[in-house]
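The values are calculated or read from the model by the stated rules, or taken from the named source; none is laboratory data. Keep in mind the model is a prediction, meaning the values are calculated, not measured. Glycine gets a Cβ as well: all are built from the backbone with ideal geometry, and neighbour counts include every protein chain shown. Accessible surface areas use protein heavy atoms only, side chains included; no ligands, DNA or RNA. Shrake-Rupley method; radii C 1.70, N 1.55, O 1.52, S 1.80 Å.
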Amino acid sequence: MRAKRRDKATVIGGFSVSGSSKMLFPHGPANGPMTGVWLNTAGGITGGDQFTLEAAADDGAHLVLTSQAAERIYRAMPGKPGQVVNRLEIAPGARADWLPQETILFDHAALDRRLDVTMAADARFLGVESLIFGRALMGETVTQLDLMDRISVRREGRLVFADRLRLSGDAQAALNRAHLGGGAVAMATVIAAWPGASAQLETLRAMLPETAGASALDDDLIVLRILAPDGFDLRQSLIPVLRHLNGADLPRPWMI
């Protein structure tokens, strides 16, 4: 998917879908961003599945990408993880907001996922990735998991952020460790990358619960991590932060 600028609006510059991955309602107001909502019509991801999403915001465009609902990662055969690759390109003067809803990991799930962002020096990127390790209200625990999750952000070709998460085996036992999760079963990573982003640091820290933290890796990059006992509590902390950084309400699927 490619978004381009036309007058004051962001419009479709290129678009194609295939398989069970669908992009719904890519549109926007005459003077605002274009929002695309994607849906996995297969209902979830299991071993052997492969999904790729590639999107670009051309000069001056503003592209918002979100999901219709939480993604679900189901039981998979050992050694056969579902694979997800998401790539974003953000041109000079452009903005991209990567705002998928949560990814729910079920017991015996296997997932190999990556998010690669390449951006110009004056581009803007707001991104979030949330993970829920079993649904607390359903009494679910994840005692067997194979997870590899990677986020990379490159500015002008230089790697400015690299996050690597690997959980293998009893995820619940690992998350119960004080130095890792402290009993949390939900977590979110938020990335704010644009010129002068670090000016938001103290405001963001004041908004966060004790189980969260924020750091300015350079003047133009802030990273937050939020831990919570369940998905509901995670949203209670996450949504105000995203609204603040977004400067506007979140896409409609987040409000459901």
Taking the condition of being over 23 Å from Ile222 (Cα atoms) and not in a strand (DSSP E or B), how many residues in the stretch 131-158 meet it?
11
So Gly47 ticks every box in (1) more than 21 Å from Asn246 (Cβ to Cβ); (2) assigned to a strand (DSSP E or B); (3) not β-branched (Val, Ile, Thr) but one. Which box is left unticked?
(2)
Given (1) outside any loop (DSSP other than H, G, I, E, B); (2) open to solvent by 70 Å² or more (accessible area, probe 1.4 Å), identify the lone condition not met by Asn31.
(1)
Tabulated pairs, the stretch 1-14, first under 14 Å from Ala94 (Cα atoms), second among the hydroxyl-bearing types (Ser, Thr, Tyr), C-beta under 6 angstrom, 6+ apart or interchain
Ala3/Thr10
Given the criteria touching a strand residue (DSSP E or B) at 6+ places or on another chain (Cβ under 8 Å), assigned to a helix (DSSP H, G or I), β-branched (Val, Ile, Thr) and surrounded by 14 or more Cβ atoms within 10 Å (Cβ to Cβ), does Val241 qualify?
yes
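For the stretch 1-57, give me each residue that is in contact with a Phe, Trp or Tyr (Cβ under 6 Å, 6 or more places away or on another chain) and under 19 Å from Arg87 (Cα atoms).
Within the stretch 1-57, the first condition is being in contact with a Phe, Trp or Tyr (Cβ under 6 Å, 6 or more places away or on another chain), and the residues that meet it are 1, 21, 23, 37, 44, 46.
Correct list: Met1, Ser21, Met23, Val37.
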What are the residues in the stretch 34-48 that are open to solvent by less than 10 Å² (accessible area, probe 1.4 Å) and aliphatic (A, V, I, L, M), if any?
Met34, Ile45
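In the stretch 206-232, which residues are open to solvent by 60 Å² or more (accessible area, probe 1.4 Å) and more than 25 Å from Thr118 (Cβ to Cβ)?
Just the residues of the stretch 206-232 that are open to solvent by 60 Å² or more (accessible area, probe 1.4 Å), to begin with: 206-207, 210-211, 217, 219, 225, 229, 232.
Of everything in the stretch 206-232, those that are open to solvent by 60 Å² or more (accessible area, probe 1.4 Å) and more than 25 Å from Thr118 (Cβ to Cβ) turn out to be Ala206, Met207, Glu210, Thr211, Pro229, Phe232.
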Which residue is nearest to Ala96 (Cα to Cα), if the candidates are limited to the stretch 148-165 and must be among the basic types (Lys, Arg) and open to solvent by 30 Å² or more (accessible area, probe 1.4 Å)?
Arg154
For the stretch 61-83, state whether one or more residues are open to solvent by less than 30 Å² (accessible area, probe 1.4 Å), in contact with a Pro (Cβ under 7 Å, 6 or more places away or on another chain) and farther than 25 Å from Pro240 by Cβ.
no
Suppose the filter is at pLDDT below 95, over 17 Å from Phe125 (Cβ atoms) and not hydroxyl-bearing (Ser, Thr, Tyr); does Met187 pass it?
no
Among all residue pairs at least 6 apart or on different chains, which show Cβ distances below 6 Å where the first residue, located in the stretch 17-33, is touching a residue at least 12 places away in the same chain (Cβ under 8 Å) and the second is in a loop (DSSP other than H, G, I, E, B) and not hydrophobic (A, V, I, L, M, F, W, C)?
Ser20/Thr41; Lys22/Thr41; Asn31/Lys8
Name every residue in the stretch 122-145 that is open to solvent by 50 Å² or more (accessible area, probe 1.4 Å) and over 17 Å from Glu102 (Cα atoms), in order of residue number.
Asp122, Arg124, Gly139, Thr143, Gln144
